[in-house]
Amino acid sequence: MENVVNLSMAEWVYVFLFLVAVVAGIVDAIAGGGGLITVPSLLLVGLPPMTVLGTNRLQAVIGELTTSVMFIMNKQFPAKGLVLGVIFTSIGATLGTFAVGVMDKEILEKLLPVLMVGITFYSIFAKKLKVTEASAALLSNARFMMICGILIGFYNGFFGPGTGSFWMLAFVTLLGYTIKQATMATKPLNLIGNVISLVLFIWLGHVDYQLGLIMGAGQIIGSIIGSKCVISFGSRLVRPVFITVTLIMTSKLIYENLTSGWLV
């Protein structure tokens, strides 16, 4: 009887996390922030925190790979400079990963809520996020990929939260992309940083492959749905979802820092 109960519980966990991953895949493909859904869900089923982070990386990589392929296959994908961006993002993420054991994250933990508040206000009020045509770039494509690849890649490898939002904002403000173009261009660059981080978690032995692959299957479905929505509806859909995700992330970060005492 005990084995039957345990089996039923295991099946419930698999179904629950699969459905969570489908929803997270849709949200992440549209505006990023899928981890806001998957990480609490993995914690809810009782996984240790480090295993949660490692397993979350595995399923996220599968989802982002699916979304990247969907966007790259689309004729509207802004592919200029992508290879250069992947190279410099890989370098930055690798440096950030190695810096984890050397540098103190406390400054970033305090600064991130402030940055996210700024991104949220920019998302709501900036006219650039409302336009449907690309505007003039402030940097050359090559310079953008080198600078932002190193900086944002380093941040992704070292810390992580909000990386997709930083990429989106950078593409819109510095390269003049529309929010739809920025959403597409962000995915392959965010993916490479997560792959490097996943390798570290695998090396440390903090990945539940069974749960990660089950969620990965859900991510594939969600990512296909979400990417098709981006391609079909563009900024009409991406902007409100992006604002919603950044609001939730900002609120979560402010709450966590308030309860930790540093803002009091």
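The values are calculated or read from the model by the stated rules, or taken from the named source; none is laboratory data. Everything quoted here is computed from the prediction, not taken from an experiment. With ideal geometry, Cβ positions are generated from the backbone for all residues, glycine too; neighbour counts draw on all protein chains shown.
Tabulated values for the structure
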| read-out | value |
| --- | --- |
| Failed item, numbered, when Thr183 is tested on (1) polar (S, T, N, Q); (2) in a helix (DSSP H, G or I); (3) surrounded by fewer than 22 Cβ atoms within 10 Å (Cβ to Cβ) | (3) |
| Flag if Asn74 is at pLDDT below 95 and surrounded by fewer than 19 Cβ atoms within 10 Å (Cβ to Cβ) | yes |
| Where a residue in region 202-226 is touching a residue at least 12 places away in the same chain (Cβ under 8 Å) and crowded, with 18+ Cβ neighbours inside 10 Å and its partner, wherever it lies, is assigned to a helix (DSSP H, G or I) and among the basic types (Lys, Arg), with Cβ under 8 Å and at least six apart | Val207/Arg57 |
| Any hit, region 218-234, residues being at pLDDT below 90, on the phi < 0 side of the Ramachandran plot and assigned to a loop (DSSP other than H, G, I, E, B) | no |
| Unmet requirement for Thr132, which otherwise passes all of (1) at pLDDT below 80; (2) polar (S, T, N, Q); (3) surrounded by 13 or more Cβ atoms within 10 Å (Cβ to Cβ) | (3) |
| Qualifying residue in region 244-262 (condition: crowded, with 16+ Cβ neighbours inside 10 Å and more than 18 Å from Pro40 (Cα to Cα)) | no |
| Test: residue in region 165-175 that is surrounded by 21 or more Cβ atoms within 10 Å (Cβ to Cβ), closer than 21 Å to Thr250 by Cβ, within 14 Å of the chain's Cα centre (by Cα) and at pLDDT 90 or above | yes |
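Here is a yes/no grid of residues against (1) in contact (Cβ under 8 Å) with a residue 12 or more places away in the chain; (2) surrounded by 24 or more Cβ atoms within 10 Å (Cβ to Cβ); (3) in a helix (DSSP H, G or I):
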| residue | (1), (2), (3) |
| --- | --- |
| Gly25 | yes, yes, yes |
| Pro40 | no, no, yes |
| Gly46 | no, no, no |
| Met50 | yes, no, yes |
| Thr55 | yes, yes, yes |
| Val61 | yes, no, yes |
| Glu64 | yes, yes, yes |
| Val69 | no, no, yes |
